[in-house]
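Here is the structure we will look at, set down as structure tokens.
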Amino acid sequence: MLIDDDVPTNYLSNIIIKDKDCCDTISTFSMATEAIDDLKKRLSSHQRLPDIILLDLNMPRMNGWEFMEAFNQFSFEKQMPKVYILTTSMNPDDKIRALNTSSVSGFHKKALNEDILDKIIADIESA
């Protein structure tokens with residue numbers, strides 16, 4: 001699942017993920033509120049959840065941290081999706097906060113590239 005309000009970033013991230021051939025489907029959301037609604041729907045209807053969520057921090061309406069607050073309210077019966085933050089934020093407090101948030105699996109600078117994706121895949125495979 002990609003959550004980023006920047007359409008070109010989502011487009012490029014989709015290409016990188018598809019080129020790597022590392023997942024079956026990619027759900028893309030330009031609004032974090034839409035992603036929360038999608039997760040609620042999936043949970044209530046027992047649909048498959050995303051394995052990975054790539055989350056931007058700086059978004060309108062609901063930013064990445066507000067998304068995480070809502071995300072952390074969900075009760076995941078099986079496996080909780082792994083959330084990786086991809087951001088342009090230069091605020092060192094964002095990285096510290098991410099590293100201290102147990103439901104965040106990683107923090108990377110935007111934009112997604114093959115090296116970052118390889119690190120995320122290696123992290124998941126080692127878990």
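Computed from the coordinates by the stated procedures, all read-outs in this text should not be read as laboratory data. Here the structure is a predicted model, which means the values were calculated and not measured. FYI the Cβ positions are ideal-geometry reconstructions off the backbone, even for glycines, and counts take in every protein chain you see.
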Label point distance in nm, residue 111-residue 19, each placed 7 Å from Cα along Cα→Cβ: 1.0 nm
Pairwise label distance in nanometres, residue 96 with residue 51, each label 7 Å out on the Cα-Cβ vector: 3.5 nm
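Given the -39500 (n - 2.57) contribution per DSSP H run of 4+ residues, what per-residue ellipticity at 222 nm results for the chain, rounded to the nearest 500 deg cm²/dmol?
Computed ellipticity for the chain at 222 nm equals -13500 deg cm²/dmol.
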Protection proxy ranking, peptides 45-53, 73-81, 61-69, average beta carbon neighbours within 10 Å, highest first: 61-69, 45-53, 73-81
P(r) weight above 20 Å for the chain, C-alpha pairs, percent: 40 percent
Volume of the Cα convex hull of region 41-108, divided per residue and given in Å³: 89 Å³
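Figure the gain on full extension for residue 65 and residue 27 (residue separation times 0.36 nm, minus the Cα-Cα span) and round it to one decimal in nm. Present the calculation step by step, with values, prior to reporting the outcome.
Details: separation 38, 0.36 × 38 = 13.68 nm, distance 1.97 nm.
The residue 65-residue 27 span can extend by a further 11.7 nm.
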When each of 18/78; 82/109; 40/109; 20/40; 18/40 is checked by Cα-Cα distance, pairs over 19 Å: 18/78; 40/109; 20/40; 18/40
